[in-house]
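Engineer: Please see the structure below; I have some questions.
The values are calculated or read from the model by the stated rules, or taken from the named source; none is laboratory data. Since we're looking at a predicted model, the values are computed, not measured. Here Cβ is always computed from backbone atoms with ideal geometry, including for glycine, and neighbour counts include all displayed protein chains. Note: accessible area is taken over every heavy atom of the protein model, side chains too, but ligands, DNA and RNA are not part of it. Shrake-Rupley method; radii C 1.70, N 1.55, O 1.52, S 1.80 Å.
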Amino acid sequence: MSDARSPAQIEADIITRREQLAVVLDEIGVRVHPKTIIGDAKAKAAEAVDRTAGRAFVAVNRTVSDVKAQFVSEDGAPRLERVIPAALLAVGVVGLLTVSARRKKR
C-alpha cells in the first residue's frame, strides 16, 4: 500500500493548515492586545482586593465578637463587673482630654 498523496490532497491539507494557523494567530492577537492585557490585570487586581477585603472583614468580625463576649454573657445580659470599669475608664480618658484641650487654649 502506498502512502503517496495526490496533489489535490496535499492542496487540501495546506488549506486546512492555513485556516488552523489563521485561527491560532487570531487567538494570539486577542491575547496580546493591550485591552485584553489591561482587562486581565484589572480582573486580577479586583480579585486580590476582594480577597483581602474578605479576610479583613472576617478578622474584624471575629475581633468584634471576641470583644462583645468580654462584655456580654452568653444569655445576652451585660457583664456589669466588666462594663462599669470600662465605662469609668472611658469617662476618665475623655475628662483628661477635655482638661488638656482647655489648658492648650489658655
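Engineer: How big is D for the chain, in µm² s⁻¹ as a whole number, if Stokes-Einstein is applied with the Kirkwood radius of its Cα pairs at 20 °C and 1.002 mPa s?
Structural biologist: Values: Rh = 22.1 Å.
The diffusion coefficient I find is 97 µm²/s.
Engineer: If you don't mind, another one. Among the lysines, which fall within straight-line cross-link reach of LYS44, defined as a Cα-Cα distance under 27 Å, with same-chain neighbours fewer than 8 residues apart omitted?
Structural biologist: Leaving aside lysines fewer than 8 places away in the same chain, those within reach of LYS44 are LYS35.
Engineer: 222 nm [θ] for the chain, helices only, -39500 (n - 2.57) per DSSP H run of 4+, per residue, to 500? Could you put the intermediate results ahead of the total?
Structural biologist: Values: 3 runs with 89 residues, N = 106.
Mean residue ellipticity, 222 nm, calculated: -30500 deg cm²/dmol.
Engineer: To continue, here is another question. Obtain the nm distance between the two label points defined at SER6 and LEU21 by a simple spin-label model: each point lies 7 Å from its Cα along the Cα-to-C-beta direction.
Structural biologist: Roughly 2.5 nm, to one decimal.
Engineer: Let me ask something else. Counting only residues 5 or more places away or on other chains, whose amide H sits under 5 Å from the amide H of VAL72 once H atoms are built in the peptide plane?
Structural biologist: When sequence neighbours closer than 5 places are left aside, the close amide H contacts are ARG79.
Engineer: Over the chain, with the other protein chains present, what is the accessible area per residue in square angstrom, probe 1.4 angstrom? It would help to have the intermediate numbers written out before the result.
Structural biologist: Working: 9700 Å² over 106 residues.
I get 92 Å² per residue for this part.
Engineer: Still on this structure, I have one more. Across the range 54-70, in residue order, what do the Karplus-derived ³J(HN,Hα) couplings come to in whole Hz, using 6.51 cos²θ - 1.76 cosθ + 1.60 with θ = phi - 60° and x for Gly and Pro?
Structural biologist: x, 5, 5, 4, 5, 5, 5, 4, 5, 5, 4, 5, 5, 5, 4, 4, 6
Engineer: In whole percent, and with a 1.4 Å probe on the protein chains, what portion of the accessible area of the chain is carbon and sulfur?
Structural biologist: Details: 6180 of 9700 Å².
It is 64 percent, rounded to a whole number.
Engineer: Ok, one more. Applying the Karplus parametrisation 6.51 cos²θ - 1.76 cosθ + 1.60 with θ = phi - 60° to the phi angles of the range 19-30, what ³J(HN,Hα) value in whole Hz is obtained for each residue in order, glycine and proline being reported as x?
Structural biologist: 5, 5, 5, 4, 5, 4, 5, 4, 4, 4, x, 5
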